[in-house]
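Data block below; observations after.
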Amino acid sequence: MNTYRNESARKRLDEWFIRFCERIDSPFESLEVPTRFGDNHVLVAGPPGATPIVCLHAMRTGSAFLVSELNPVLDRYRVIAPDLPGQSIRGLQTRLPLNDDSHVHWLTDILDELDLGATKLFGVSWGGFIARQFSTSVPGRVEKLALLVPAGIVNGSHLTGLAKMALPLLRYRLWRSPENLRRLLEPLFSSWDEGWAQYTGDAIQDMPFDFRIPPLATDQELEDLRMPVLALGGSDDISFPGKDLVTRITALAPNAQGEVLQNCKHCPPLTQNFRSWLADRLVTFFELGDDGELRVSG
């Protein structure tokens, strides 16, 4: 199933991808990496000799969108961002099953083709679900795992989500206006960014909805996460409540730490202050050794 409704939608979404590429502060390159499901687009940014981190984006976005939010780490890390199948205009135009090892095989193929062994892995929302699933299935390939508002660990109230989102979504699809777009995104966005908002408005119209909900990890699957884990949840996230997220993963994963981000909805703040804070948090987590000393990467 394509991630676009028609050819006009494809062109519009690809134009947005290019605009978000223009937000990336570092030189970057696009790769087509073979997988058993087909060639997969991967965006790579940051110094060629730097330590790699693999970053998985949220649903209905793409690699450029996530990398543009990670600008503050691009002088320190080689960021490798695959476009997720069925969730990006540049990704494979297919939706892989959520309840088997398809995404695990997909990411394994990418790491193998890029000659990456055990790696630092970061996943956001839908990408967090895939990152956790991969880490449980092949823990030897993940040195450290960082998750931001990840799917698949806890769920919010479906009734609450429906009450907050259903009517604004219907209103926006019938009458596209700045006011209706703001009403629709208010429960999701922690701060306002015009580019992100306009892209999301177009994506609502141009991308078919994927109504699947990633299955929750079992207790055993979380207990099997033996690598260091950092889980960041939003205090006001109606999709995956941050307090419940942090409580569950730190109770089950042996080496997990968590933090509830205050005044944070499902889409974290789209501000330079938050980008800098997140970069510092990731660097501290990824570089802290077992002896508590901060390592210098690259």
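The values are calculated or read from the model by the stated rules, or taken from the named source; none is laboratory data. Just so we're clear, the structure is a prediction, and the values are computed from it rather than from any experiment. Here the Cβ is made from the backbone with ideal geometry for all residues, glycine too, and neighbour counts use every protein chain on show.
A quick yes/no check of all residues on (1) out of contact with any Asp or Glu (no Cβ under 9 Å at 6 or more places or on another chain); (2) farther than 23 Å from I204 by Cβ; (3) in a strand (DSSP E or B):
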{"residue": "N2", "(1), (2), (3)": "yes, no, no"}
{"residue": "R10", "(1), (2), (3)": "no, no, no"}
{"residue": "V33", "(1), (2), (3)": "no, yes, yes"}
{"residue": "P52", "(1), (2), (3)": "yes, yes, yes"}
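Restricting region 49-70 to residues that are touching a Phe, Trp or Tyr at 6+ places or on another chain (Cβ under 6 Å) and either free of Cβ contacts under 8 Å to residues at least 60 places away in the same chain or among the charged types (D, E, K, R) (or both) leaves a set whose member that is farthest from E113 (Cα to Cα) is S68. Listed by position, the helices (runs of 4 or more DSSP H) enclosed by region 209-287 that each have at least 1 residues that are under 30 Å from D75 (Cβ atoms) are 242-252, 272-287. Inspect region 203-216 for any residue being over 18 Å from T160 (Cβ atoms), surrounded by 14 or more Cβ atoms within 10 Å (Cβ to Cβ) and touching an Asp or Glu at 6+ places or on another chain (Cβ under 8 Å) and give the result as yes or no. Within region 203-216 (the criterion being over 18 Å from T160 (Cβ atoms), surrounded by 14 or more Cβ atoms within 10 Å (Cβ to Cβ) and touching an Asp or Glu at 6+ places or on another chain (Cβ under 8 Å)), the answer is no, since none of the residues qualifies. Taken together, the residues in region 130-150 that are assigned to a strand (DSSP E or B) and among the β-branched types (V, I, T) amount to 1.
If you filter region 88-121 down to residues that are under 14 Å from P214 (Cα atoms) and out of contact with any Ser or Thr (no Cβ under 7 Å at 6 or more places or on another chain), you find that the one that is surrounded by the most Cβ atoms within 10 Å (Cβ to Cβ) is H103.
Candidates in region 179-190 are the residues that are under 22 Å from the mean Cα position of the chain (by Cα) and either assigned to a helix (DSSP H, G or I) or among the aliphatic types (A, V, I, L, M) (or both); of these, the one that is nearest to G161 (Cα to Cα) is L188.
Of the numbered criteria (1) in a loop (DSSP other than H, G, I, E, B); (2) touching a residue at least 60 places away in the same chain (Cβ under 8 Å), the one R176 fails is (2).
Among the residues of region 87-124, those that are acidic (D, E) and over 21 Å from G152 (Cα atoms) comprise D109, D112, E113, D115.
Check region 109-129 and report whether any residue there is in contact with a helix residue (DSSP H, G or I) (Cβ under 6 Å, 6 or more places away or on another chain), modelled with pLDDT of 95 or more, assigned to a helix (DSSP H, G or I) and aromatic (F, W, Y). No, because not a single residue in region 109-129 is in contact with a helix residue (DSSP H, G or I) (Cβ under 6 Å, 6 or more places away or on another chain), modelled with pLDDT of 95 or more, assigned to a helix (DSSP H, G or I) and aromatic (F, W, Y). Among the candidates V138, V73, the residue that is among the aliphatic types (A, V, I, L, M), surrounded by fewer than 18 Cβ atoms within 10 Å (Cβ to Cβ) and touching a residue at least 24 places away in the same chain (Cβ under 8 Å) is uniquely V138.
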